[in-house]
Amino acid sequence: MVAIAYAFVSTRLPDVDSLVGLLDGVRAHGAFVLRMVLDPPWSMRIQDEAPLTLICVTDGAAVLSPDGDTAPIHLTAGDVALARGAGHYVLADSATTSPQVVIHPGQRCTTVSGEDLKFAMALGVRTWGNSETGATRAVVGAYEGHSAVSQRLLGALPNVAILRATEWDSQLPQLLSAEAVADGPGQEAFLDRLLDLLLLDFLRTWFGRPGTAPSWWTAESDTVVGPTLRLMYNNPAYPWTVANLAAASGSSRAAFARRFTALVGEPPIAFLTAWRLALAADLLDASEATIATVARHVGYSTPFALSTAFKRANGISPAAYRARRGVG
C-alpha cells in the first residue's frame, strides 16, 4: 500500500524546481509493488481507482484497454504505462480476452464473480500470476494517496501516458522488477525510493518531449520567469507581491506581470495563491498541525485569512476539509 508523505515548507532544500516542487506531495511509503508472471490467456479488470499506477512490461507483451472509446494500447518489453486513475481499464494478453480477475480498491483481487484470489495466484514474495514461467512479466507500482500539490503536475498528463522502450534509456523498470522479489532488511524503503525514482524519470522524460509540457513547466526555463517560480516554490510563506517578484527578476513590474502571465497562463499572484492553497490542503490532509500553523507555513498571517481563501477556492473551510479526510 502506498501512502503519501509530506514535509513542512521549512524542511525543504533550496532551489526546488517545478518537477521536485510539484512532486512534493507524492512519496512512496510502504509501496505497493508487485511483479506479475503470466501465460495466455489472461485478463484483469483494473478498478482500484489508485490515483497513479506505473505498469512496466519487462518481458513479453500486454494490451491495455481503457474504458470508453479509446483504442487498445499495445505494450511490449521495455514499455512503461502511467495510469492516472481517471478511469478503469483492462490489462490483458489480448484485447479480445475477457477479464478473469478484478482488482478492486485497496488492491483486493477477486474473480469476476467476487471470489477472493489473494492467495490463489501468489507465486512468492511480491509475485503473482498464473504460471511460474510465464511468458509475460511486468512489475506494477501503485500510489494510492492524494496530493493537492501534485495535482497540477499529474493533471497535465493524459489518463494513460506511454513511454516506449525506444523513447528512453532507463534501467529502473528492470531494477524494480528484480528488487520486488527480494525480502531483506529495509527492502520496503528501498522499493519506495526505486518507485519514486522511476516516476521521476518517467515524468522528466515525458515532459521533455516536444509539445507535451504545460506552459508553466516550460516557463521555468525562461530567464525572467523561471527564477521567480522557484522563489515561490521554495518560499511560499514570504509576503510576495508582483513588485518584489519583479524586482527579484530584474524587470519592471508591468513587464514582469505581462511576461509571467503570457508564459505561465495566469497572473503571478493567482499562481502563488493556488500553490499556497495546495500546500495547505496537503498539510491539512497529512498532519495534525493547527490551522494557524498551516496558515503561517503557507503565507497567511491568520487562520481567518487562510480560511477565507481556502473556502473561496475549495468551497469548504480548512476545518471541514480536514474533517472530511478524517484527520485530526
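The values are calculated or read from the model by the stated rules, or taken from the named source; none is laboratory data. Here the structure is a predicted model, which means the values were calculated and not measured. All Cβ positions, even for glycine, are placed from backbone atoms using ideal geometry, and neighbour counts span all protein chains on display. Quick note on the areas: whole protein, heavy atoms, side chains included, nothing else; ligands and nucleic acids left out. Shrake-Rupley method; radii C 1.70, N 1.55, O 1.52, S 1.80 Å.
Using +1 at the Cβ of each Lys and Arg and -1 at the Cβ of each Asp and Glu in region 139-263, identify which of 155, 200, 254 lies farthest towards the dipole's positive end. In region 139-263, that residue is 254. Electrostatic tally near residue 56: other residues with Cβ closer than 13 Å to its Cβ, Lys and Arg +1, Asp and Glu -1, net -1. Proximity of backbone amide H atoms, modeled 1.01 Å from N, is registered between residue 42 and 93, 94 at under 5 Å, excluding neighbours fewer than 5 places apart on the same chain.
Near the amide H of residue 60, within less than 5 Å, lie the amide hydrogens of 77, 137, all on another chain or at least 5 residues away, with H placed in the peptide plane. Between residue 111 and residue 209, the FRET efficiency estimated from the beta carbon spacing at R0 = 51 angstrom works out to 0.80. Each of 99, 213, 173 was placed along the dipole of the chain (beta-carbon charges, centred on the mean Cα), and the one lying farthest toward the positive end is 213.
Normalised by 2.2 N^0.38 Å, with N the number of residues, the alpha-carbon radius of gyration of region 277-325 equals 0.95. The ratio of the alpha-carbon radius of gyration of region 107-182 to the globular-protein estimate 2.2 N^0.38 Å is 1.41. Note: relative contact order over the chain, using C-alpha pairs below 8 Å and six or more positions apart, is 21 percent. Contact order, relative form, for region 52-124: 26 percent (alpha carbon pairs under 8 Å, 6 or more residues apart, mean separation divided by residue count). Karplus-derived 3J(HN,Hα) values for region 59-68, using 6.51 cos²θ - 1.76 cosθ + 1.60 with θ = phi - 60°, are 8, x, 8, 8, 10, 9, 10, x, 4, x Hz; glycine and proline are entered as x. Output wanted: per-residue J couplings in Hz (rounded whole) for region 300-316, from phi through Karplus 6.51 cos²θ - 1.76 cosθ + 1.60, θ = phi - 60°, x for Gly and Pro. Listing the rounded values in order: 10, 6, 9, x, 5, 4, 5, 4, 5, 5, 5, 5, 4, 7, 10, x, 9 Hz. With helices as the sole contributors, the chain gives -11000 deg cm²/dmol at 222 nm; each DSSP H run of n ≥ 4 counts as -39500 (n - 2.57), and the sum is divided by every residue. Summing Cβ point charges (Lys, Arg +1; Asp, Glu -1) relative to the Cα centre of region 110-155 gives a dipole of roughly 240 debye. Using all pairs of distinct alpha-carbon atoms, the Kirkwood hydrodynamic radius of region 194-298 works out to 15.2 angstrom. Once the 1.4 Å probe is applied to the protein heavy atoms, region 141-273 comes out at 45 Å² accessible per residue. Over all other residues within a Cβ to Cβ distance under 13 Å of residue 164, the charged ones net out to -2, with Lys and Arg as +1 and Asp and Glu as -1.
Rolling a 1.4 Å probe over the protein heavy atoms leaves residue 88 with an accessible area of roughly 60 Å².
Other residues lying with their Cβ under 11 Å from the Cβ of residue 105 contribute a combined charge of -2, Lys and Arg counting +1, Asp and Glu -1.
Regarding the chain, what's the average projected area of the Cα-atom convex hull, expressed in nm²?
Value for the chain: 18.2 nm².
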